[in-house]
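Just so it is clear, none of the values below were taken in a lab; they were calculated from the coordinates. Values in this document were obtained by computation on a predicted structure and should not be read as measured data. Note: ideal-geometry Cβ built from the backbone for every residue, glycine included; neighbour counts use all protein chains shown.
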Amino acid sequence: MPAVTEERTRLPRALTIFLVSLAGLLLEVGYTRIVSYKLWYYYSYLVIGLSLLGIGSGHREATPQRVRPLEAMARYLDVLDARNVPVQARVLSALGPRMLAMAAERSAGTHPYLTIPTQTRAARTTLGPDALVAPEQTVVFDTDPESARRTARGFLRNDLAMSNYTTTMRSAGFTADDIAGGGSDTLVDTIIAHGGAPALAAAIRAHLDAGADHVCVQVQPAGGDVVPALRAIAAELRL
C-alpha cells in the first residue's frame, strides 16, 4: 500500500515540474520575441532617423520637359510640405545662386556635386552658419597622373555634356576650352582629386576648411575595390 501511494505522489510531482518548466520556457520565448521586436524597432528608428532626403532637379539633356527647374523644385517642396516632411530632413543639390537661396529657405542645406572649395565657401556664405553644406568630392587613388586623368575623364564624360554642370564649372572660373574635348588637365586636376592618400586628403580638407560640414567621397573607378582608397584617406585624415 505505501508503494502505491508513493507512485501516485510521484506522478503529480513530475507533472508539476513539467508544467513549471514549460511555463518558464514559454516565458523566455516570449521575452525573446518582445526584445527582438523592440530592438528591431529601435534599429529601424535609428536608420530612418539618420536618413536624409537629397533632391536634385535633373538634367535638361536627359529629361526634355525639364525647362523650369526652380519652379519644378518649388512645386515638389510644396508637396513635401503638405506631406509633413520636415525641412531639416531634406537637402537640395543646389548649384546656382537661386537654387542655393531656395535651399537656405526650404531645406536643411545643400549637397552639391562636381564643385570646388571656392564654391563650398560661397555656399556657406549664402546658407549661413547653421545649414548643412555637404559637397561631393570625386577621387582617383592612382599616383600615375596620366592613368589617373584617363580614369577621371572617363568618369566626367557624361557630366561634361550636362549644361547645369558646365554652367557651374564656368561659374567656378573654367573656360569653354577647359570644358571641351573631355576636359583640360586644369579642369580634371581641380575637380577630380588624384594621387596618393596625402593628395586626396588635401582635397577633402580644402572643402572642410572652406566651410563644409561633411564631404561625400566618391572613389573612381567605381567598379574596382574602393575600400583601400577610403582606408588610406581615413588614415591620412586620422579618422
Taking alpha-carbon centroids only, the range 70-104 lies from the range 141-202 a number of Å equal to 28 Å
Express in nm, to one decimal, how much length is gained between Thr118 and Arg106 on full extension, taking 0.36 nm for each residue of separation and deducting their alpha carbon distance. 2.0 nm
Label zone at Ala89 (point 7 Å along Cα-to-Cβ), backbone N below 15 Å, the range 97-120: 107-108
Testing the spin-label approximation: label points 7 Å from Cα along Cα→Cβ at Val227 and Glu71. State their distance in nm. 5.0 nm
Segment Thr126-Glu146, length gained on full extension (0.36 nm per residue, minus Cα span): 3.5 nm
Kindly write out, for the range 70-78 in residue order, the coupling ³J(HN,Hα) from the Karplus curve 6.51 cos²θ - 1.76 cosθ + 1.60 (θ = phi - 60°), rounded to whole Hz, with x marking Gly and Pro. 5, 5, 4, 5, 4, 5, 5, 5, 4
Could you pull out every residue, at least 5 positions away or on a different chain, whose amide H is within less than 5 Å of the one on Asp142? Hs are placed 1.01 Å off N in the peptide plane, and Pro or chain starts have none. Gly195
